[in-house]
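One structure below.
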Amino acid sequence: MVMYILWTLLFFHVSAQRWTLFDEESKPKREGRVRLVGDLPSSGRVEVYHDGQWGTVCDDGWDLAEAQVVCRQLGFPGAISVTPGGQYGEGSGSVWLDDMNCKGSESSLSECCFKGWGITDCSHKEDAGVVCETGTNITTDHQFFLDNSLGLSDDLGLLFDSGDGCDFRINVQDVSEESELTFCVHSMILMIYPELNITNNSGNLTVDVSQTCHPHVSAFLSLLTQLNGSFQHQDTAVTWYLYSRQIDVSITSAQCLHQLAFNFGVKKLMEDVGRAFTLLIPEDNTFHTQVSMFEYGLRTGDLVLQENVLQYLSWNFEFLISSPVWSTISFHMMDALLRRSDLIVKDEAFLLEALERWIQDKGDEISSDQQASLLNHIRFLLIPVDKLYEMQFSSSILHRNHEKLYLTGLLRGFQFNALPFSKIRNQMYNTSSEYLPRIYTGDEWSVFINDTTVNYQYHNYYYGQNNRIQSFSTPAHPSALYKEQNVQWQAQVFLSNQECSYYGIPCTSFPVARFLASGNQNMYTSTIRYSNRLILTCKNENNIFHVQDFKNDMAVIPNNSSMGLPNPCPDDYSFRFVVRPEYI
């Protein structure tokens with residue numbers, strides 16, 4: 001019966017579609033679909049479909065692994081080469097993907113790691129392209145896409161609604177209310193979710209709803225008789241999702257849906273709902289919510305939720321240290337934070353001091369092996385040399401408990417500050433993370449611009465009376481060898497076309513930040529590069545909500561909709577420019 005209904009639905013969909021097979025524009029647009037724009041079907045500019053429109057891919061990080069994924073997604077045997085830099089012309093609309101990192105085995109480009117949809121500092125001059133293999137048995141130079149699945153999810157939802165032919169029962173329990181809700185479903189459809197273990201559950205499955213979802217279950221039970229066939233509550237919504245892959249998520253329902261998706265073993269829904277949690281992350285300045293979210297993501301195995309929380313806490317690490325929850329965070333969270341290079345701290349010595357205070361507060365909760373593991377994440381090589389000298393005489397808990405490991409770190413730190421790069425180059429390749437700086441915001445390496453208003457007279461900008469232009473100098477590198485070799489920096493923020501045009505800069509949106517080096521910088525290009533960062537901080541709340549790099553000395557601030565995290569203070573934030581030198 002179920003098989004007959006499924007085949008009937010498929011037949012109806014094939015019959016109902018009226019678009020022409022050979023009409024390219026009539027193809028239904030699917031999220032994540034890719035196409036090539038060029039003279040040949042096997043090569044061209046890569047475009048991807050997202051949020052109702054086509055956009056391009058930036059060539060940053062664009063390599064053969066990414067090209068292989070694109071070509072195979074389009075049905076070609078593989079890729080021959082990549083074509084960076086807008087070789088196939090400049091696209092239009094959004095640059096959807098940037099900093100791609102594919103393994104090469106993904107089934108679609110959107111499955112690869114990337115910054116996030118629309119989060120980029122690229123222009124269409126950097127649109128990526130590919131050249132795909134055509135194979136030896138190709139008899140035509142064009143392929144057509146036929147997808148008659150549009151609307152099928154709605155009809156499968158109606159099949160769930162009607163209950164026709166259902167043969168398996170799912171019982172949702174609300175333990176505190178001692179009530180139970182039962183859904184009759186179709187085992188053949190739910191067999192595509194192996195986590196449900198349909199074949200071994202004797203015709204029924206019981207799911208316990210967590211305390212978080214109890215109010216939702218009670219609301220559903222009271223609303224059930226009024227639904228008139230329209231399923232709106234979270235419990236039903238998850239079951240509906242198992243059929244149709246469609247669901248509405250709100251901030252109020254996100255945690256309940258996430259918990260139910262975890263209970264049902266629907267990982268894709270769990271990860272997608274986890275992204276909705278990012279809207280909540282900047283809201284709590286006490287950090288209780290963020291710490292709770294991380295532990296919840298750890299329990300449910302939601303890597304997306306864990307990463308979103310860790311990124312925010314890394315950016316706001318100094319605020320986290322001074323918060324009441326600092327001493328309560330788990331070993332797993334501390335271990336994850338110390339591994340990160342996007343950690344924003346005054347310097348590495350400050351980070352070590354914070355770790356020691358945390359270990360002291362934890363007492364016997366943290367074993368000796370765990371202490372040693374965390375100490376290994378400290379980048380002694382990047383601790384300022386004067387602080388290294390003071391640390392050898394300290395009696396800190398890590399120095400006492402792990403003297404050999406601690407002194408080894410100090411020794412390597414002194415070597416880093418005393419030896420030229422040519423001596424340590426080979427060792428660097430073996431332990432590269434030790435040489436990679438975090439985002440150090442000490443006064444020696446950063447400068448603030450707080451003025452974000454355009455209320456001064458026209459001539460002031462041209463005669464130096466502008467608070468949005470700051471100059472300062474830094475050593476060429478943190479190593480003591482470069483202590484006396486300075487680089488001059490100028491930080492600027494532009495808020496209008498008038499300001500940009502004065503400096504001959506084409507600006508398409510605002511604000512725009514520029515970070516220029518002068519002086520002796522070119523002397524170090526063979527050994528040192530500058531991966532500088534721009535940090536946006538809410539003035540009143542003192543929380544960092546956005547960090548980005550500079551490209552060709554420029555950083556265009558994305559709008560709120562394309563930021564990784566929402567901007568909680570769109571009209572009242574400051575700019576911090578951070579110099580970040582590293583050995584090449």
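The values are calculated or read from the model by the stated rules, or taken from the named source; none is laboratory data. Every value quoted in this text rests on a predicted model; they were computed, and no experiment measured them. Note that each Cβ is placed from the backbone with ideal geometry, even for glycine, and that neighbours are counted across all protein chains shown. These accessible areas exclude ligands, DNA and RNA; they are computed on the full protein's heavy atoms, side chains included. Shrake-Rupley method; radii C 1.70, N 1.55, O 1.52, S 1.80 Å.
Observations on the structure shown:
- Ordering of 407-420, 569-582 by burial proxy (mean other Cβ atoms within 10 Å per residue, highest first): 569-582, 407-420
- Rounded to the nearest Hz, the phi-derived 3J(HN,Hα) couplings of region 395-404 under the Karplus curve 6.51 cos²θ - 1.76 cosθ + 1.60 (θ = phi - 60°) are 10, 5, 5, 6, 5, 5, 7, 9, 4, 4, where x marks glycine and proline.
- Here the accessible area of region 298-388 is 48 percent carbon and sulfur, with a 1.4 angstrom probe and all protein chains present.
- Calculated from backbone phi, Karplus (6.51, -1.76, 1.60) coupling profile of region 364-377 in Hz, x at Gly/Pro: 6, 5, 9, 6, 4, 5, 5, 4, 5, 4, 5, 4, 5, 7
- At a probe radius of 1.4 angstrom, the accessible area of region 275-395 per residue rounds to 42 square angstrom.
- Computed accessible area, Ser367, all protein chains, 1.4 angstrom probe, square angstrom: 50
- Accessible-area order (highest first, 1.4 angstrom probe) of the listed residues Tyr406, Tyr482, Tyr503: Tyr503, Tyr482, Tyr406
- Mean-position separation - Cα centroids, region 100-126 and region 482-512, in angstrom: 28
- Scanning residues 5 or more positions from His546 or on other chains, those with amide H under 5 Å from its amide H are Leu536, with H placed 1.01 Å from N in the peptide plane.
- Within region 256-368: Cβ-based charge dipole about Cα centre, in debye rounded to nearest 20 (Lys, Arg +1; Asp, Glu -1): 380
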